[in-house]
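Some notes on the structure that comes next.
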Amino acid sequence: MALLCKSRVRGVLRPLLIRAAATLLALRKDARLLKVPPYLSALCIVVGVAWLLVLPLDEYSRRTYVSENALLPGQVHTYFTGSEHNVFRAYRQETAALADKSVEERTQRLSTILGAHNLKVATQRYEYHASGRNISDQNVYAILQGPRADATEAVVLIAAWRNMDGKINYSGVALVLTLARYFKRWSLWSKDIIFLISGDSTSGTQAWVDAYHDSHSPDTIEPLSIKSGALQGAVAVDYPAGPWGHRYDKLHILYDGVNGQLSNLDLFNTAVSIANGQMGIGCTLQRMWNHDDSYHQRLQTMLRGMISQGLGHASGPHSSFIPYHIDAITLQTVGDGWHDEMSLGRTLESLFRSLNNLLEHLHQSFFFYLLLQANRFVSIGTYLPSAMLIAVNFSISAIALWVLSGRPQTPTPNPASTKPPQPDQQAGEKANEKEKEQDKPTFIVAEIAGAKTLIPASSLEITERPLFLPLTFVLATHFLGLLPLYLFNHTPLPYLSYTFTFVALTTTLLPLLTATSLAHFQRPTPQERTLIQCFSLLLLGMFLAALATLNFSLSFLVGLLAAPLSFARASRNKGLSAVVGGLLLLLNPVVVVWAATLYFGQDVVEVLVKAAEGWHVWGLWTQVVVWLVWWPAWFAGSVVVAGGLVS
Amino acid sequence: MALDQQQALLFGVAAAVRLLLFTAFPSLPSLLAGRVEVSTPVTSFKRLQEGLFLYTHNVSPYDGGVFHQAPLLLPLFSLLPNPSYHPFATNVVFTVVDLLSAYALAQVAESGQAAVTRLFTSSRKDLRWSSAAIAAGFLFNPFTVATCVARSTSALTNLCILTAMAKASQGASITFILAISFASYLALHPILLFPPLALLCYDTRTARTKHAPNPWMFAILHTLGLAVASGALLVVSAVLTGSWDFLAATYGVRLLLPDLTPNVGLWWYFFTEMFDSFREFFLGVFWLHVASYMPGLTIRLYRQPLFVATTLTGIFAIFTPYPSIADASLYLSLVPLFRHLFPVMRYTFLASSSILYTSFLGPAFYHLWIYAGSGNANFFYAITLVWSLGLSVIVGDSLYAALRDELDVDRPELRGKEVKRI
């Protein structure tokens, strides 16, 4: 019985399905279908942006929680009080006395102090060259062998001698020295603890962590003479208060690493939970000093986090550790308040006790997240669709352009139309009669089951796509990006601003020049132009989709800035081409970078110097994305649009 | 076939690109040799170096359990200076291997066997690319270049397969047998190419001579020839290494998959997940699956043996235990031989886009899994699935196109009409 019913249902459904399939197949050839993709692309972009905008709402974000049970944040009593304060003050005076000393003397003195705690001490020299500058300094570090440890795992406590703003980190260094002395007396450490005082905040830690994993260049960076086990976590302190101290208001937690990689959310949560819950110190992030938990503030925090992640720069001493899969954060003291160095010390003590509990590498919690506030976040599953939608918009445009390029060049007439095909020419002279005869659409008579129909010949044609010129052009464009990449990474500092002006001018003029010379030498057909744009957008969509899994923010930002490219088309109307071309000029990556530096009040040269330093020291990839993904796409799109101007 | 100017230029540029990559980026070869997409446990140059070290120190190269490649590679590479210090000679060897492969591919293209065989003439036979264009497609395929720069020994296997195809399409029996036995000796699975290529060889021989050779005699002689050549290679290997241990370390590894290093194929993930009691059964099933395409395709498409061989290389790139992008590059450079099928293929854009996407997403996801630690094995495996899907869409679509092409010739009245595959 059931079988019978089923077959009857199928009997009803089958004709319906066939009819639906036939309708779809008929639609395939419909010219109206090609009008849809631009709207679909626009919809993707709008939804992608709207998606991002709703994330700060309570419904789409979650409260943070510690997933790793072993961490037990804030469950231990901390003993870093009383006489330790006097020790700290003594060390602070010691570090203050080192301010004017040479690097050698400073290293010597710090080594002596750490050695006096019965720790194994070593130093490391390093030297980097970027933009014609020499970055050289020394790191000092000491290893506390955990009484219960077998030297297979270690955690790192860092204080850079100079913080990110170039200020001397007096109290931070003094605190590390004090904690080294204090931790040495405990018998409960089941991991080694490494105390690292790096020469500066980014290169020093990078040199150290590279050498720790034997991936440094031995010519300029000294190898480490003593090592411990696999690094499980790293915490850096940034507390630049001078010899007379400074009471701070909040802890500013930095968590993003080079190339937008983030440390495990559990480490961040542990720090927040200890500072907030156990010590009563407020926590803040992304320079949002006064966060009132409103939608606006949450959105701002998220956007700042995204920009920081998208730039992929090192945001503190912890950043260098993250590419090695070592979860790391920096605790920075900010504001004027009533918390003193001892509460920071106790926070660190509690944090290290938590890390000490770890049975395995931090892996439970999220590696991809956007933080809205110290205790609210959005996880990857919720936010990734927005960047993917932006990336997909390019793929949709590419597919539409591919289909368009396969359409016959002659317009398909409607056989059922009662209007004559070219009404305005009907009144033309008779001399053109013959020509018109050729222009007239040809029809083919088809017969199916006795019914005859007229099919326009053009809809049966198969259009060949010339692929050579478009492919060569798009590939060449991507290789062309290597030139400015090399130029910016290797130009010495004094010439950087000229180089920037030069590149800005060249890239602005290049599309028009290329379009002119193409029109002169190669005469690309409209079909070839369509294919150039198709391949360029296909590559862009692909790169951005791949990038979204590595660095969501960068993919989103580049995608958004390149979004107009999927709507810019070559037009026969010169005025329209000029307007679109002018708009595209504003979206030139070089112009965008310049505008962004103006908006954020930065100096272009300084940004370029940092980028070159990032390239040579931290292994920064942002400029690769700019020059080999974004710029080629912009260039190809602009050439196609400029082609409308010159043809 | 004399090298004309255009071809000389093409080969010169291809060699220059490779040597430039070798010299301008000295760290690139070892970087690529470490990539799982390029080097598999059975083709890796690093493992070859390990084997060479043991061999030159008079230890059995298979003792360490690292080296799984054919023993005859060892005396060949021990003639060259140590690549760790003087890599130039080795680089030149791999460049020359690529050029020879391209030359063989050009010969295949020139024989015209792709569109016109003894028993079948495609209705679109005039639609073809020049041999230089097809050779360029091979030489400038990024996958081929990456394989060459990584100095993966699958480049040698590809050379042997392409030479076997070239010789078969010229009807040169002895060199064909030698080439196919070298290919099977190096990588085992190319032996499945023997029947279609022997058929191709038979076709060309028949077309060339007045009286056709007796098919049975032809089959028996060629099979015997293959057995003798392969046997000789194995005996020489045994004499060279002093024992028959190499069989287990080379073919045993390929057959039984003890090394589960990730690769772009479909096997490793299944076998990491599998309970040991099912292992033998599934090994049998998986191998049977790979091998079963050969008889089916050869019988159904016996009129187009070169197409069968090409499709089989595509099957190898998807379904063998240790595939790499080198296998895909071989298949993707053979497909343009069948330019006449392109108008009938339906999913070229989809397939090439998915291959393009996966070749970028694959390394990204592998990075997330291995280096960043924020992903896991499923990330990479998902991408290898899509990669295999892309390749199998090309395989399936070209098969459809080939059948459709045959149908167009057999039943001209059905041309241009909708057909359904049953």
#### Entry: Mean Kyte hydropathy of -1.0 or more with a Cα span along the axis of at least 15 Å, helices from DSSP in chain B
B:5-24, B:45-56, B:88-111, B:154-170, B:173-187, B:194-208, B:215-241, B:276-300, B:305-319, B:348-366, B:377-410
### Distant alpha-carbon pairs in segment A:65-374 (separation over 29 angstrom), percent
29 percent
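Report, to the nearest whole %, how much of the accessible area of the protein assembly as shown belongs to carbon and sulfur atoms, 1.4 Å probe, protein only.
On the way: 30640 of 47820 Å².
Whole-percent figure for carbon plus sulfur exposure: 64.
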## Note on the structure
Expressed as a whole number, the average count of other chain Cβ atoms within 10 Å around the Cβ atoms of B:163-175 is 0
### 20 Å binning of all Cα-Cα separations within chain B, expressed as whole percents from 0 upward
25, 60, 15, 0
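What does the charge count near B:Ala150 come to, summing +1 for each Lys or Arg and -1 for each Asp or Glu among other residues with Cβ under 15 Å from its Cβ? Don't skip to the end; give the middle numbers.
Numbers: positive: B:Arg18, B:Arg35, B:Lys46, B:Arg47, B:Arg151; negative: B:Glu37, B:Asp98, B:Asp327.
Its environment carries a net charge of +2.
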### Message
What are the equivalent ellipsoid semi-axes of segment A:196-350, built from the alpha-carbon gyration tensor (square roots of five times its eigenvalues), in whole angstrom, biggest first?
### Response
28, 19, 14
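Quick one: if the Förster radius is 45 Å, what FRET efficiency do B:Ala15 and A:Ser83 give, using the C-beta to C-beta distance and rounding to 0.05?
Working: r = 75 Å, r/R0 = 1.66.
My answer for the efficiency is 0.05.
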### Task
Mind listing, in residue-number order, the residues in segment B:368-387 that have at least 10 Å² less accessible area with every protein chain present than in their own chain alone (1.4 Å probe)?
B:Leu368, B:Tyr371, B:Ala372, B:Gly373, B:Ser374
#### Entry: Restricting segment A:133-211 to chymotrypsin sites (Phe, Trp or Tyr not before Pro) in coil, as DSSP defines it, with at most 14 other Cβ within 10 Å
none
### Computed E for B:Ser84/A:Thr472 - FRET, C-beta separation, R0 30 angstrom, nearest 0.05
0.20
### Task
Sticking to Cα atoms, compute the Rg of segment A:459-549 to one decimal and its Dmax as the biggest Cα-Cα distance, whole number, in Å.
17.1, 63
### Heavy-atom accessible area per residue - the protein assembly as shown, 1.4 Å, Å²
45 Å²
### Task
Provide the buried accessible surface between chains B and A in square angstrom, both chains summed, 1.4 Å probe, rounded to the nearest 100.
1600 Å²
### Query
List for segment A:241-276: residues with 30 Å² or greater reduction in accessible area, all protein chains versus chain alone, probe 1.4 Å?
A:Gln261
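Test of understanding: given chain A, find the longest segment containing no trypsin sites (Lys or Arg not before Pro) that are in a DSSP loop and have at most 16 other Cβ atoms within 10 Å.
Values: sites that count: A:Lys29, A:Lys101, A:Arg148, A:Lys167, A:Arg185, A:Arg247, A:Arg287, A:Arg572.
In short, A:288-571.
Of the beta bridges DSSP finds with both residues in segment A:65-374, what % are antiparallel, to the nearest 5? Intermediate values should be presented prior to the final figure.
On the way: 25 of 47 bridges.
If I count the DSSP bridges inside segment A:65-374, around 55 percent turn out antiparallel.
Would you kindly state the longest site-free stretch of chain A, with sites defined as GluC sites (Glu not before Pro) in a DSSP loop (not H, G, I, E, B) surrounded by at most 10 other Cβ atoms within 10 Å? Each step should come with its number before you reach the end.
Numbers: sites that count: A:Glu59, A:Glu360, A:Glu429.
Segment A:60-359 is the longest.
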### Query
Can you give the translational diffusion coefficient of chain A in µm²/s, computed by Stokes-Einstein from the Kirkwood radius over Cα pairs at 4 °C and 1.567 mPa s?
45 µm²/s
### Query
For chain B, modelled as a Gaussian network with Cα springs under 10 Å, which listed residue fluctuates most, B:Trp369, B:Trp387, B:Trp268?
B:Trp369
### Two-site label geometry, B:Asp276 and A:Arg125: point separation in nm, points 7 Å out along Cα→Cβ
5.5 nm
### Message
Let's see if you can work this out: charge +1 on each Lys and Arg Cβ, -1 on each Asp and Glu Cβ, no other charges. What is the dipole magnitude of segment A:65-374 about its Cα centre, in debye to the nearest 20?
### Response
540 debye
### Message
I want to check the label-to-label distance for A:Tyr498 and A:Leu43. Put each point 7 Å from Cα in the C-beta direction and report it in nm to one decimal.
### Response
5.4 nm
## Note on the structure
Note, A:Leu372: beta-carbon cut-off 13 Å, +1 each Lys/Arg, -1 each Asp/Glu, net +1
## Note on the structure
Contact-by-burial set, segment A:300-327, min loss 30 Å², accessible area of protein heavy atoms with 1.4 Å probe, reference chain alone, gives A:His325
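The values are calculated or read from the model by the stated rules, or taken from the named source; none is laboratory data. All of these numbers come straight from a predicted model, not from anything done at the bench. Quick reminder, even Gly has a Cβ in these numbers, built from the backbone with ideal geometry, and neighbours come from all protein chains shown. Ligands, DNA and RNA are stripped out before the accessible areas are found, and what is left, the full protein with its side chains, is counted by its heavy atoms. Shrake-Rupley method; radii C 1.70, N 1.55, O 1.52, S 1.80 Å.
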